[in-house]
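Below is one structure, written out as structure tokens; the observations come after it.
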Amino acid sequence: MFVVVVRFQLHAGCAEAFMPLMAQNARLSVELEPACHQFDVCVSTGAADEILLYEIYDSPEAFQAHLKMPHFLSFDAEVRDMVLSKEVGTFRRVEA
């Protein structure tokens, strides 16, 4: 499995507008993309403007396909001005 971890730092005061859009993107990713198995949205306990995503896909190619989906492209365009910084890390899931 291919794991993607994304960390957003939002501009101050943007979390309220960002979160419904993020929740919709996460929901649609799991519903519409068979190769997306998990899409968790987490908020820092210390700052509402720090968001962490944990996503699991079948493969790197499945993640690349996600980046071309209409719901992702719409989300990305809508939140662009809300995001101060964005870090993306990729991992291979190791089964215990």
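What follows draws every value from the coordinates through simple rules; no lab data is involved. These numbers come from a predicted model, not from an experiment. Backbone-built Cβ (ideal geometry, glycine too); neighbour counts: all protein chains shown.
Where in the range 14-51 does the label zone of residue 80 land, with the point 7 angstrom along Cα→C-beta and an amide N cut-off under 20 Å? Inside the label zone: 14-15, 17-26. Could you state, as a whole-number percent, how many of the C-alpha pairs of the range 2-91 are farther apart than 22 Å? Counting every Cα pair in the range 2-91, those more than 22 Å apart make up 21 percent.
A crude spin-label estimate for the pair residue 43 and residue 93, with each label 7 Å from Cα along the Cβ direction, gives 2.6 nm. Taking Lys and Arg as +1 and Asp and Glu as -1, the other residues whose beta-carbon sits under 10 Å from that of residue 41 total -1. Relative to the longest principal axis of the C-alpha atoms of the chain, give the angle of the C-alpha long axis of helix 70-79, reported between 0 and 90° and rounded to the nearest 10°. Tilt relative to the chain: about 30 degrees. What's the angle, to the nearest 10 degrees (0 to 90), between helix 15-32's Cα axis and the longest principal axis of the chain? So the inclination is approximately 20 degrees. Residues whose amide H comes within less than 5 Å of that of residue 11, counting only those at least five positions distant or on another chain, are 83, 84 (H built at 1.01 Å from N in the peptide plane).
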